[in-house]
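Undergrad: Can you keep this structure in mind? I'll have questions shortly.
The values are calculated or read from the model by the stated rules, or taken from the named source; none is laboratory data. Model, not experiment: these values are computed from the prediction. Don't worry about glycine lacking a Cβ; one is built from the backbone with ideal geometry, like all the others, and counts go over all protein chains shown. We work out accessible area using only protein heavy atoms, side chains counted, and drop any ligands, DNA or RNA first. Shrake-Rupley method; radii C 1.70, N 1.55, O 1.52, S 1.80 Å.
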Amino acid sequence: MTSLHSLPSWGGPPAAYGFRAPGNAAAQAALNEAVLVVAMIESPQAVGNAQAIAAVEGIDCLLIGTSDLTAEMGIPGQIDHPRVAEAYGQVGAACRASGKALGMGGVYDKETASRYIKAGARMVLSGSDHTYLLAGATARSEVLRGAV
């Protein structure tokens, strides 16, 4: 099986090296060691293949994209559905068996997030760029509206 880390791409000196050109081989080895590789699990097929995906050398985390998974399951938005909880259990077991981290995305309510974190999710996305931008803009708007 080919390692993900054995297939690096090199587009020139990266920011990690101050945009100065280090030796390609040394830089690629160091960057490959530092890069986090996350496989997104967003379909029932991916859940079913979680054990094989987790076994791939070089993958560090299997992150369940919960919103997309619910859409693919035909239960859009039902992040607390028993089938989703079952998927977290199945992917979590595959992660534990392969020494990988279980990730969680698309779960932002406290109760459901708590359940999946207790089930083993360790890489937890707390929002998206869109939600962060809206939250910041809303907070700033409230300040300015309060100044009127």
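Undergrad: Which sequence of LYS100, LYS110 reflects their accessible areas, 1.4 Å probe, from the largest down?
TA: On the way: LYS100 40, LYS110 180 Å².
Result, largest first: LYS110, LYS100.
Undergrad: Can you pull the accessible area of ARG140 for me, 1.4 Å probe, Å² to the nearest 10?
TA: For ARG140, the solvent-accessible surface is approximately 130 Å².
Undergrad: May I pose another question? At what distance in nm do the modelled label points of ALA135 and ALA15 sit from each other, each positioned 7 Å from its Cα along Cα→Cβ?
TA: 2.1 nm
Undergrad: How large is the helix-only mean residue ellipticity at 222 nm for the chain, computed as the sum of -39500 (n - 2.57) over DSSP H runs with n ≥ 4, divided by its residue count, in deg cm²/dmol to the nearest 500?
TA: Values: 7 runs with 73 residues, N = 148.
After summing the helix terms and dividing by residue count, I get -14500 deg cm²/dmol.
Undergrad: From largest accessible area down, sort MET73, MET104, MET40; use a 1.4 Å probe on the protein chains.
TA: Values: MET73 30, MET104 0, MET40 100 Å².
Correct descending sequence by accessible area is MET40, MET73, MET104.
Undergrad: Of all accessible surface on the chain at a 1.4 Å probe, what whole percent is carbon and sulfur?
TA: Numbers: 5130 of 8970 Å².
Carbon and sulfur: 57 percent of the exposed surface of the chain.
Undergrad: Dipole of the chain, Cα-centred, from +1 at each Lys and Arg C-beta and -1 at each Asp and Glu C-beta, to the nearest 20 debye?
TA: Details: 10 positive and 12 negative charges, 67 e Å.
Roughly 320 debye, rounded to the nearest 20.
Undergrad: Might you work out the accessible area of ASP129 for me, using a 1.4 Å probe with all protein chains in place, and round it to the nearest 10 Å²?
TA: We get 110 Å² for ASP129.
Undergrad: Between VAL124 and GLN90, 0.36 nm times their residue separation minus their Cα-Cα distance comes to what?
TA: Values: separation 34, 0.36 × 34 = 12.24 nm, distance 1.73 nm.
Between VAL124 and GLN90, full extension yields 10.5 nm more.
Undergrad: Give the relative contact order (percent, whole number) for region 88-148; include only Cα pairs under 8 Å separated by 6+ residues. Can you show the working numbers first?
TA: Details: 38 pairs, mean separation 19.4, N = 61.
With pairs under 8 Å counted, the relative contact order is 32 percent.
Undergrad: Work out the FRET efficiency for VAL56 and SER114 from their Cβ-Cβ distance, taking R0 = 22 Å, and round it to the nearest 0.05. It would help to have the intermediate numbers written out before the result.
TA: Numbers: r = 30 Å, r/R0 = 1.34.
For VAL56 and SER114, the calculated efficiency is 0.15.
Undergrad: Find the relative contact order for the chain and round it to a whole percent, using C-alpha pairs within less than 8 Å whose residues are 6+ positions apart. The partial results should precede the final answer.
TA: Numbers: 172 pairs, mean separation 27.9, N = 148.
Answer for the chain is 19 percent.
Undergrad: A follow-up question, please. If a helix is a whole DSSP H run, which ones in the chain reach 18 Å or further along their own axis (Cα) and hold a mean Kyte-Doolittle hydropathy of at least -0.5?
TA: Numbers: long enough: 82-98 (24 Å, -0.04); 129-146 (25 Å, -0.14).
Correct list, ordered by number: 82-98, 129-146.
Undergrad: Of the candidates ALA26, ALA15, ALA50, which one comes out as most mobile in a Gaussian network treatment of the chain with C-alpha springs shorter than 10 Å?
TA: Result: ALA15 has the largest fluctuation of those listed.
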